[in-house]
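Just so you know, all these numbers are worked out from the coordinates, no wet-lab data involved. Keep in mind it's a predicted model, so treat the numbers as computed, not measured. Note: ideal-geometry Cβ built from the backbone for every residue, glycine included; neighbour counts use all protein chains shown.
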Amino acid sequence: MKHQPLVLVLAALVLGGGCTSFSHFGKLRHVVLFKFKDGTTKEQTRAIEAKFGGLPSRIPSIVGFEWGTDVSVEDKADGFTHCFVVTFEDAAGRAAYLPHPAHKEFVELLLPSLDKVLVVDYVAAK
């Protein structure tokens, strides 16, 4: 069979109870998009950007971080203006990040200005 090695890997994961680390496949990416409420000021968005940008220095499980604002010419962003990509070695890193006090502080700052959020987590293909 052409796909036999992949089938064997998947079978080993299922039969072995899955895995808590994605190191066999790549790093875990946590992608977050924000749509802010009408009336959110530039000062408020700058404070949110700075607070989110400060998380890598406060949360050791973050191994990569980048962000930017929408510059697409396709007009398909549906009001989402900010995209953040937080990278972890594995699911354990994400599990440490979500309840971390620094992350909770950031969420408290964010929520009053947030209209919508979109979160997608994926394991980067090698």
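Across the range 33-65, the number of residues qualifying as within 14 Å of residue 86 (Cβ to Cβ), assigned to a strand (DSSP E or B) and not hydrophobic (A, V, I, L, M, F, W, C) comes to 1.
With the condition kept exactly as written, say whether any residue in the range 66-76 is among the polar types (S, T, N, Q), in contact with a Ser or Thr (Cβ under 9 Å, 6 or more places away or on another chain) and outside any loop (DSSP other than H, G, I, E, B). Yes, there is a match, as at least one residue in the range 66-76 is among the polar types (S, T, N, Q), in contact with a Ser or Thr (Cβ under 9 Å, 6 or more places away or on another chain) and outside any loop (DSSP other than H, G, I, E, B).
Of the conditions (1) on the phi > 0 side of the Ramachandran plot; (2) in contact (Cβ under 8 Å) with a residue 40 or more places away in the chain, residue 39 clears all except one; give me its number. Of everything listed in (1) on the phi > 0 side of the Ramachandran plot; (2) in contact (Cβ under 8 Å) with a residue 40 or more places away in the chain, residue 39 misses just condition (2). Within the range 43-57, the set of residues being among the charged types (D, E, K, R) and either under 15 Å from residue 115 (Cα atoms) or surrounded by 11 or more Cβ atoms within 10 Å (Cβ to Cβ) (or both) comprises 49, 51. Applying the condition of being among the aliphatic types (A, V, I, L, M) and over 10 Å from the mean Cα position of the chain (by Cα) to the range 112-126 and asking which residue is nearest to residue 36 (Cα to Cα) yields 114.
Do we find a residue being of a type in the set (A, V, I, L, M) and assigned to a loop (DSSP other than H, G, I, E, B) anywhere in the range 103-114? No, because not a single residue in the range 103-114 is of a type in the set (A, V, I, L, M) and assigned to a loop (DSSP other than H, G, I, E, B).
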